[in-house]
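Following: one structure in structure tokens, then a few remarks.
The values are calculated or read from the model by the stated rules, or taken from the named source; none is laboratory data. On a predicted model such as this, the values are computed, not experimentally measured, just so you know. Note: ideal-geometry Cβ built from the backbone for every residue, glycine included; neighbour counts use all protein chains shown. Side chains are part of the model used for accessible areas, which takes the heavy atoms of the whole protein and leaves out ligands, DNA and RNA. Shrake-Rupley method; radii C 1.70, N 1.55, O 1.52, S 1.80 Å.
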Amino acid sequence: MKADPKTETLLKTYLVYILVLVFGVAIIAKIILVQTKDNKELLERAEQREYRVRTLEASRGNIFSADGQLMAISIPLYDVFFDYKAVDSVFLAENIDSLCRQMAGLFPKRNAAQWKAFFAEGKAKKNRHYRIALNITQTELRQMEQFVIFNRGIFKGGIITEKKIRRDHPYKELASLMLGMANEEKGYYFGIEGAYNDYLKGQNGKQLVRRIHHGDWMPVNSEDDIDAKNGDDVYTTFDIKLQDVVESALNNTLVTNKAEQGCAILMDVETGYVKALANLRLNHETGVYEESYNVALTERYEPGSVFKIASMVVLLNHKENTQLTDLVNIGTGPIKFSNRTMKDDHSFAKGGICTVQEVIEQSSNKGTAVLITKNFAAHPEKYVEGLYALGLNKKIGTGIKGEAEPVIKHPDDKTKDGRKLWSNVSLPWMSIGYEVNVTPMQLLMLYNAIANGGRMMKPQFVTEIRRGNQTIEKYDPIVLNEHIASPESIEKLQTMLEGVAIRGTAKRQFTDCIVNVAGKTGTAQYYDKVQGYAYHEPGIGRKLYNTTFVGYFPADKPRYSCIVMVSRARGAKWAAGGVSAPGFREIAEKVYAMRIGVQEDDSLTKTPEYSMGPVLARHEKEANYLNGIAKNYNDFAINGDWVTVESNESGQISIREAQLANDIVPNVVGMDITDAVYLLENMGIRTEFAGQGTVKEQSLHPGDTLKANPVIHLKLEKK
């Protein structure tokens, strides 16, 4: 049956109306959606084309030596990438040869032809983030940004930069392990960098910026802007020259004796401030000793005979009327304690009788054990608690990550399964430095207390935290124990230690030393985790030892205490008198020649205030500074990393972008030393300086062309 034409036409008309209606409803729905749900997102997208919030990165604080020398500073480096799609293909083809010649001039490791092949490879990969330079300096980046193609900016020139910060040590490996490292991304902290990270890291800021011509971004005043707060500066106790002496002496000692590792620490007797600390371990692949392990604080070891002085302190505190001339019967042969025998390394007592003084001078194992067992065998806990009273059973609390927990067992201690740790021979063997584990730093702390008249000081590495020219935290000397023993007992202990260098086990090393030394030798068998004390080094045919010499100088008026610990010497000598004592002597003689008798100014003068004359400065630092004191400044260079700052007679401050050339010596006179080093090292100029404060003189004349491998000497002055 044929359909009615009128009905068919009417149906088609309705269908068209319905489609138009649905389309209209869809458009209206989309409009409503745009105005409501998608409005915020679209507005944000629109705004992002013109505005964005950029992070103002805080500069990490610097670390200084006690006399104001820079030991750690942050220097910016950049990685550069190329976006091929951002550059017009015709323009790129016409100018690539010129770009390659310019790149070869700045980075001559590739010639122009090689650079062209390098760029062609990236283009073939259609890479929008093609890496073309790594770890370049700020000055090199500024030059690149002027090259053909690149000078059109990120959107037309395709150049993309990523900034990163390199932590630089001007004195290279000197004290590098104690200075340490802080990596927040990896959660990796150690040394002073880690211990004081909360002060050093600062706080990043944020700033609203608007895009202007050539793809640049201009700051926009916004109430939401937050200035970056640069990190605070940390002033350490270290003395650079003394650190160099200590590291050199330790390295010489380890090399001479073919040792595995060791440490040397130099401490100020009166304050407990650590003036120098070196840790070295042998790299078996390179044959070079490196700062790779913190022996001083992390190595917990059986110290041997240097622990005898701790036993003597406990003895004198228990029986104060003990005299140095008291006689001790040690016999002519080995002495048996329970099921073990003990002997001395050399014979010295006529008829098996010696004095208390000789027990320490000659480092008699038998004499020490006889004195301790005679007085404490009935109550060994009193001996152990006497050691605890010296603080030898707990961490010092230096704040440095990795500090080891000492082990000095108590007669009541038991294992997890209930077995007693104490045995019938624990007391005599602990008295001579076995069955105890302490760190070199703890031993030095004890000997420093004897040198200091019985006053035990806490070892410290930092004296002050500064924010600009303001001290925000000060670390005064800390007394851990006012009297580790009576003045009479301390005098006896000092006499014993002086005798070691005059008549005892260290006589050969210190007879003709230019400074009088007091100290103690200690030689302990190395304990291997698998073979125990029976371990013999393959190819040597003998046991290995840990050797220590610890003491102070000058003996009559102590200024410095020192410890030299050497682990597993494989050379001809194996005892402390021939291994560690020579290293101690080298340190003592050089320190005596450099420091003792010379009037030192130990006061730390505050950082000088900023001079408002025409001075080169980092713009972020000075802008933040000026914002805090004045608002009448002009010509702020928003894109300049370095600016000149000056004030006229009316007090108006002008800040203008500084034009710096990569091959021209800049004028750094008047600059803060931190900024001067930051700029010069970034330009590839090795920096050496003397004094404190701002730069007064520079050895390279401003405006001169830089020569290869330049070195600049700066003279600083306080204001």
Completion exercise
Taking 248, 311 and ranking on accessible area (1.4 Å, protein atoms only), highest first, one gets 248, 311
Handout entry: Out-of-range pairs (alpha-carbon distance over 29 Å; input 164/275; 186/229; 275/395; 374/543; 308/394; 125/707)
Key = 164/275; 374/543; 125/707
Exercise for the section: Inverting the mean 1/r over all pairs of different Cα atoms, compute the Kirkwood radius of segment 301-351 and quote it in Å. Expected result: 13.4 Å
Completion exercise
Output for segment 314-394: GluC sites (Glu not before Pro) sitting in coil per DSSP, at most 13 other Cβ within 10 Å, listed by number, reads 320
Practice task
Work out the length of the dipole vector of segment 408-475 about its Cα centre, built from +1 on the beta-carbon of each Lys and Arg and -1 on the beta-carbon of each Asp and Glu, and round it to the nearest 20 debye.
Solution key: 180 debye
Problem - Of (i) 1.24; (ii) 1.02; (iii) 1.33, the label for Cα Rg over 2.2 N^0.38 Å derived from the coordinates - result: (iii)
Problem - Heavy atoms of residue 224 accessible to a 1.4 Å probe, total area in Å² rounded to 10 - result: 110 Å²
Exercise for the section: Run through the DSSP bridge list for the chain and note the antiparallel percent, rounded to the nearest 5. Expected result: 90 percent
Practice task
Starting at the first residue of segment 176-191, write each ³J(HN,Hα) from the Karplus equation 6.51 cos²θ - 1.76 cosθ + 1.60 with θ = phi - 60°, in whole Hz, x for Gly and Pro.
Solution key: 4, 5, 6, 5, x, 7, 9, 10, 5, 4, 9, x, 10, 9, 7, x
